[in-house]
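Enquirer: Take a look at this one; I'll ask things after.
Derivation of every value follows stated rules applied to the coordinates shown; laboratory data play no part. What you are looking at is a predicted structure, and each value in this text was computed from that prediction instead of being measured. We place every Cβ from the backbone using ideal geometry, glycine too, and count neighbours over all the protein chains shown.
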Amino acid sequence: TTLSAPPLGLLLEDIVRRHRPRQNAGSVPGNIPFLATVPFDRFGIAVATTSGEVFSSGDAGVPFSIQSISKVFTLAMALQGGRSAALWSRVLREPSGTSFNSLVQLEAEKGIPRNPFINAGALVVTDHLLEETPDAATQLLRFLTEQAGSHEAEPGSHAPFIDEAAADGELAGSSRNLALAHFLKDFANLTQPAAVVVENYVRQCSIMMTCVQLARAGLFLANDGQGSTGRVLSPSEAKRIGSIMLTCGMYDAAGEFAYRVGLPGKSGVGGGILVIVPGQCAICVWSPRLDAKGNSLAGTAALADLSDRTGWSVF
Ligand code: GLN
């Protein structure tokens, strides 16, 4: 279904009206103090189309912590390097069915994480990037800034940035991610020191972006790998990232999300969700309170509503 401009803009306004939380339901992650300070009633949504238009509503111009949405982009960067075979010998592409920060499978499966979107797998991807660049988080920030494009920035809004204070706060509570990293190290699936990998990983998660910027940055995934300033990935690599988003992007809620929304997505505990409609658009929704699996409560409901009303689906 292709929607013309006025209906889509109006539809997004209606989505915001219906789904912006009116009461403080849901949870915030316990290990990232900054996220508890974000008001519960923030809600934004943006759609960037392959034809170059951007539609948005609500708090779509307010920067939020991208958290695990960063994992899609670090994977894209890792696949750009021409060393993808090395990466895929270190991480699988299977849904985990366990929480994003689970340690259980890592022991059972001898240090090979189930997929690049759970924390263990994302640490491996970051380690892979660190083999070539000492500052992977800054490299990611540069990539995102380029893909997000600054020319359409609204007055007063700023380019993506790393919230260093938020990163420091998370780093202070990173026992579990450090445990995962040490486990990987013990199974010889980490080349850099555990502390270095975790620090880079936490800084990449602490990148602040708006819904508009994230939708634009994710557009290459909906556009056969073609980004705003040129080709990012081959069409088949872009397709594969979409497949991993569909099967693993929402952790142990991937099945439920596929059932409700029918589109590849990637969530973060900052409350953002990036969704791809192949050939048509990238969508970013943000609402900070989370469900029990760590995915945005209102964001998921809004996407289910939007996909029902537009007919957007990969099925
Ligand atoms: N930085 C967070 C963590 O490692 C990211 C988790 C997430 O967004 N699901 O706990």
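Enquirer: Name the single residue, out of those in region 99-142 being in contact with a strand residue (DSSP E or B) (Cβ under 8 Å, 6 or more places away or on another chain) and assigned to a helix (DSSP H, G or I), that is farthest from the ligand (Cβ to nearest atom).
Expert: 138
Enquirer: Could you tell me how many of the residues in region 269-315 are among the charged types (D, E, K, R) and without any contact (Cβ under 8 Å) to a residue 60 or more places away in the chain?
Expert: Total meeting the criteria: 1.
Enquirer: Taking interchain pairs and intrachain pairs at least six residues apart, which have beta carbon atoms under 9 angstrom, with the first residue in region 165-185 and outside any helix (DSSP H, G or I) and the second of a type in the set (D, E, K, R) and surrounded by 16 or more Cβ atoms within 10 Å (Cβ to Cβ)?
Expert: Filtered contacts from region 165-185: 174/199.
Enquirer: For region 178-217, give me the residue count where each residue is more than 16 Å from the ligand (Cβ to nearest atom) and among the charged types (D, E, K, R).
Expert: 3
Enquirer: Consider residue 122 carefully, then state whether it is under 25 Å from residue 273 (Cα atoms) and out of contact with any His (no Cβ under 8 Å at 6 or more places or on another chain).
Expert: yes
Enquirer: Which of (1) within 16 Å of the ligand (Cβ to nearest atom); (2) more than 20 Å from residue 164 (Cα to Cα) is the odd one out, the single condition residue 35 does not satisfy?
Expert: Among (1) within 16 Å of the ligand (Cβ to nearest atom); (2) more than 20 Å from residue 164 (Cα to Cα), the lone unmet condition for residue 35 is (2).
Enquirer: Next up: Looking at 216, 240, which one is under 25 Å from residue 161 (Cβ atoms) and basic (Lys, Arg)?
Expert: 216
Enquirer: Take residue 89 and decide whether it is more than 20 Å from the chain's Cα centre (by Cα), within 24 Å of residue 281 (Cβ to Cβ) and away from the ligand (no atom under 16 Å from the Cβ).
Expert: no
Enquirer: Quick check: anything in region 224-243 touching a Ser or Thr at 6+ places or on another chain (Cβ under 6 Å) and touching a residue at least 60 places away in the same chain (Cβ under 8 Å)?
Expert: no
Conditions (1) of a type in the set (A, V, I, L, M, F, W, C); (2) under 23 Å from residue 39 (Cα atoms); (3) more than 16 Å from the ligand (Cβ to nearest atom); (4) part of a loop (DSSP other than H, G, I, E, B), marked per residue:
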| position | (1), (2), (3), (4) |
| --- | --- |
| 241 | yes, no, yes, no |
| 253 | yes, no, no, no |
| 269 | yes, yes, no, yes |
| 276 | yes, no, yes, no |
| 282 | yes, no, yes, no |
| 285 | yes, yes, no, no |
| 288 | no, yes, no, yes |
| 300 | no, yes, no, no |
